[in-house]
Amino acid sequence: MKKFLTVVKREYIQRVRAKMFIVSTILLPAVMSLFIAVPAIIVSIKTPPMRVAVVDQTGRMYSPLRQALIGDDSQQDAQNANPGERGTSSGRSLARFVVEEVNATNQPLDQGHTNLDERLRERTLEGYVILPPDFFTTGKAEFINRNAGDVFSPRVLQSAINRAAREQRLIDANVDSKTRQALFKPVELQSVKLGAARQEADNSASFALVFAIGFIMYLAILMYGQIILGAVIEEKETRIAEILFSSVRPFALMMGKLVGVSLVALTQLAIWGLAFSAFAYYGVNILASQGMPTNISTIPLSHFIYFGLFFLLGYFIYGTIYALVGSMVTTAQEGGQLAMPIILILVVSFYLFWPVSRAPDSPFAFWVSMIPFTAPVSMLVRIVTQTPPFWQIALSLLIGFSSVLVIMWVAARIYRVGMLMYGKRASIPEAIRWARQA
């Protein structure tokens with residue numbers, strides 16, 4: 001036990017003091033903060049409004065179209081600059097407009113096209129809309145845009161034209177203004193998670209939380225498993241294992257390495273968790289002051305406990321397999337090749353996040369959360385989305401950690417022989433023979 005604790009201490013202190021650990025621990029929260037803060041800053045930047053001309057050949061669409069574009073939060077800054085133009089913008093979208101009506105009755109349509117095209121080339125317009133005389137019959141309009149890379153403005157215009165067409169059809173049907181407002185009143189759907197308090201829940205925030213937890217679990221297992229693989233291969237290439245085996249049993253050496261790196265992982269995850277908590281406490285108010293909607297879901301304490309348990313489960317399963325693979329190869333390149341199936345299993349377990357999050361109580365979600373190789377991600381997603389009965393969580397942990405003991409027993413027997421074998425990469429039959437002979 002004393003030698004085992006010595007190996008654990010060496011692995012932990014050596015890796016915590018490494019510059020890469022310090023850089024990655026500081027860098028990831030900084031990068032995540034940038035991913036959150038930069039979009040908020042970009043959204044807060046006011047872009048110039050898009051100047052659009054409307055050729056209304058129906059004679060009835062311009063007013064409702066202008067009203068549809070204005071919405072409830074119009075800004076008339078551009079109108080003051082040019083009294084001939086009517087400035088409109090929509091604070092609810094990424095596109096703002098300055099709308100100008102073009103009289104289509106005093107000139108032929110071809111000449112109107114030519115004049116508007118010339119204004120596009122002179123950059124006095126960004127685009128113009130053609131509403132043909134049979135628009136209410138065909139429902140087809142034309143938008144000529146100078147900027148082909150703008151994907152937001154056409155969508156906003158199409159939505160505004162649809163609302164304006166519905167408004168005008170109701171006017172033609174002699175529907176009064178009060179009835180039209182009642183018909184267009186939006187419906188608010190509140191998503192409420194079943195529970196004692198029946199508190200309102202935000203679907204987008206819950207989905208982001210589930211995705212983040214699943215991704216962190218996948219990334220952490222992959223990253224620290226690769227660390228185990230690299231450490232084992234390094235000891236084998238430098239033949240340090242021969243010296244270590246003279247004083248430490250192979251099983252104690254392998255377990256000390258696994259436990260030491262797991263403590264490094266938990267330390268780093270704890271630091272990241274504290275950084276996230278600090279951001280949730282201080283950063284949300286800063287983003288809210290910039291006008292970005294923020295909603296941080298409340299995470300129960302039990303979820304943190306389950307995250308730690310299932311992280312250790314996934315880490316010891318895949319970390320032990322990585323240690324086994326490292327003992328069978330002779331170079332880091334061979335280790336990377338043999339590690340590909342392990343990475344594919346991890347990728348599959350992460351992709352199971354999608355069907356499990358949609359139907360966490362389905363038979364498929366139940367069985368994949370019981371399989372040790374997919375349980376760390378699948379069961380955790382089930383716990384966050386719709387917590388299953390406790391017996392299912394306990395059964396998943398029991399099956400998982402029982403599998404860890406079996407995998408460790410097999411890996412230790414192969415590890416004992418493989419670390420002292422040099423010259424060629426071991427095959428699967430040879431590894432089975434090592435396990436039997438050991």
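The values are calculated or read from the model by the stated rules, or taken from the named source; none is laboratory data. Worth saying up front: this structure is predicted, and the values here are computed from it rather than measured. Cβ sites come from the backbone with ideal geometry, for glycine too, and all protein chains shown count toward neighbours. Ligands, DNA and RNA are excluded from the accessible area calculation, which covers all protein heavy atoms including side chains. Shrake-Rupley method; radii C 1.70, N 1.55, O 1.52, S 1.80 Å.
When ranked by the protection proxy of mean other Cβ atoms within 10 Å per residue, highest first, what sequence do the peptides 12-18, 163-169 form? Please report the intermediate quantities before stating the final value.
Details: 12-18: 14.3, 163-169: 17.9.
By packing density, highest mean first, the sequence is 163-169, 12-18.
What fraction, in whole percent, of alpha-carbon pairs in segment 343-393 exceed 12 Å separation? Spell out each step's value before the answer.
On the way: 700 of 1275 pairs.
That tail contains 55 percent of the Cα-Cα pairs.
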Ordering 401-412, 256-267 by per-residue average of other C-beta atoms within 10 angstrom, highest first, gives 256-267, 401-412
Sorted by mean Cβ packing within 10 Å, highest first, what order do the peptides 172-181, 313-322, 357-366 take? 313-322, 357-366, 172-181
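Heavy atoms only, probe 1.4 angstrom, no DNA, RNA or ligands counted: give me E101, E11, E118 ranked by accessible area, highest first. Intermediate results must be reported in sequence, preceding the final value.
Values: E101 100, E11 0, E118 80 Å².
Final ranking, largest accessible area leading: E101, E118, E11.
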Taking just the alpha carbons, could you work out the radius of gyration and Dmax for segment 133-173, both in angstroms? 12.2, 39
Over every pair of different alpha-carbon atoms in segment 293-401, take the mean of 1/r and invert it; report that Kirkwood radius in Å. 15.0 Å
In whole Hz and in residue order, list the ³J(HN,Hα) couplings for segment 129-136 that follow from phi through the Karplus curve 6.51 cos²θ - 1.76 cosθ + 1.60, θ = phi - 60°; x for Gly and Pro. 10, 10, 10, x, x, 8, 4, 5
